[in-house]
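Read through the structure below, which is laid out as structure tokens, and then see the notes.
The numbers here are math on the coordinates, done by the rules we state, and not lab data. All values reported here derive from a predicted model rather than from experimental measurement. Positions of Cβ are backbone-derived with ideal geometry, glycine not excepted, and every protein chain shown enters the neighbour counts.
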Amino acid sequence: MIEARHISKAYPMRHGMNRVLNDISLTFPTGENIGILGRNGSGKSTLLRILAGIEQPDAGEIIRRRRVSWPLGFAGGFNGSLTGEENTRFVARIYGADVPRVSRYAWDFSELRDYFYMPVRTYSMGMRSRLAFALSMAIDFSVYLIDEVTAVGDKPFQDKCRNAFRERRERSSVILVSHNLGTIKQFCDSCAVLIDGRLQMCNSIDEAQQRYEAA
Amino acid sequence: MSPGTGLQAQLQIIHALVLRESRTRYGAHQLGYIWALLEPLFWVLTFYGIFYFTHRSLHFGMDIVSFITTGIIPYELFRETLGQSLNAIPANKALLFYPQIRPLDLVIARLSLEVVTLMTVFIIIMGAHSLYLGELQIDNLLVLMCGLLLASLLGASLGLFFSALSVYTKVVDRIIPIVSRPLFFVSGLFFTVNELPEQARDLLLWNPVLHCVEMVRDGWFRSYHAVHVDLPYLLSWIVGFTYAGLVLERMARRRLELT
């Protein structure tokens, strides 16, 4: 379970502050996949980073009772001069995971083959995100935070990701942010809409669609 | 989470960062680390050449190699820890992407690697030199180790403070090299405090690095007693800048977040 309590966040702008998140409270229950729908620049990614603990909110607090992933779909956090394997081992170590097991799993899942042993700077964007995704699957989080799953790899790899999530439904759940209702329909049981810095939980995905389109 | 597991997780992260840092800095080969050892060794050799050919005589029965090494290593410890902690955060900003890694971890990891490397160099040079002389004379190991440790802590505390300050103003990055360069000449690499005339001595003793070098020499040489070392003075530098650095890091933390 993750609980957000009265989260607010603002960024300084040229004139005054831009309030991105305005007093957001929501409980994400264990075992339920939740989608957050919002337009570009509505604060979805900021919310996800705060849930992950990368950014601190200006006010409010996040309570995490489970192991939460970093925001997936964004392939930052790799060092270009190190190989895929070395980056994998590093991340396994900081999460206190079994290093050889994680390394083997990531090699297998990412389908990078020999590129796994090449510096990450030689990778294409797609390869990077494949590695990032494989790595997050290898570490076994209870909650996966996903930013725009559509960005990850080609069609067969996307199917593979979807299957991987389906397999671990018992153990892990997903919080997905997207501006695309279709993606959320595929992955999530329920949906919330982020409009003007406020998060509203919807009873059904159809209701989310209505609110999203009305805004 | 109990404090025990928290500390363990922290150590795990710092260990991973040290491994990663040594990999990126010294290259993929284990041999790359040798370069880290060779650089200070080269320094010592250069100085040895200068001292030898200018026929400089040393006071207090010191031999050239020990004199140079006891000066260079604490100086380098100070300079490297300062430089490393100054750059630790900008160079590894991408790592703040992982929520459990905080800016301070980056600084600690780099410091540990640097201190271990230079301590190893010190042991190698002095060990080899003692083997060559056929005797190992350490006057006071505790004072020696304290001198080396305090030099590292001094660099680290200044580095911590200025790295946090550089979040606010980029001027820091330009000023530090300008200010730290003269330290090379006034930190006792070429002289001991006891042989200085009183006026010069009073002036140069404002420099905290000189106190560290003096401590190391006091600890190493039986014939040398660093009567002018002012430990409370040195410690107030370290404590003062560590405190200010940690406060400033707290304040700067928000600005460091990935945007």
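For this structure, a couple of remarks:
- For A:K185, the aspartates and glutamates whose Cα comes closer than 20 Å to its Cα, not counting residues fewer than 8 places off in the same chain, are A:E32, A:D147, A:E148, A:D154, A:D159, A:E167, A:E170, A:D206, A:E207, A:E213.
- With helices as the sole contributors, chain A gives -11000 deg cm²/dmol at 222 nm; each DSSP H run of n ≥ 4 counts as -39500 (n - 2.57), and the sum is divided by every residue.
- Pairwise Cα inverse-distance average, inverted: Kirkwood Rh of region B:34-256 (Å): 18.4
- C-alpha long axis of helix A:125-139 to longest principal axis of chain A, angle in °: 90
- In this label model, B:E135 and B:F184 are separated by 3.5 nm, measuring between points 7 Å along each Cα→Cβ vector.
- The sum of -39500 (n - 2.57) across all DSSP H runs of n ≥ 4, divided by the residue count of chain B, sets its helix-only mean residue ellipticity at 222 nm to -25000 deg cm²/dmol.
- The base-10 log of I(q)/I(0) for region B:127-189, evaluated at q = 0.13, 0.26, 0.29 Å⁻¹, reads -0.58, -1.12, -1.17 [Debye formula, identical scatterers on Cα atoms, solvent excluded].
- Along region A:52-59 the Karplus relation, 6.51 cos²θ - 1.76 cosθ + 1.60 evaluated at θ = phi - 60°, assigns HN-Hα couplings of 6, x, 6, 10, 9, x, 5, 9 Hz to successive residues, with x for each Gly and Pro.
- Axis of helix A:99-110 versus longest Cα principal axis of chain A: the two differ by about 80°, to the nearest ten degrees.
- Nearest-ten-degree value, helix B:3-26 long axis tilted from longest Cα axis of chain B: 70
- Shielding of A:47-54 by partner chains, average beta-carbon count, 10 Å: 2
- Inter-label distance for A:K185 and B:H55, nm, one decimal - labels placed 7 Å from Cα along Cα-to-Cβ: 9.5
- Directionally averaged shadow of the protein assembly as shown, computed from the convex hull of its alpha-carbon atoms, nm²: 27.1
- Here's the list of lysines a cross-link from B:K93 could span, going by alpha-carbon distance under 28 Å and ignoring same-chain residues fewer than 8 apart: A:K9, A:K44, B:K170.
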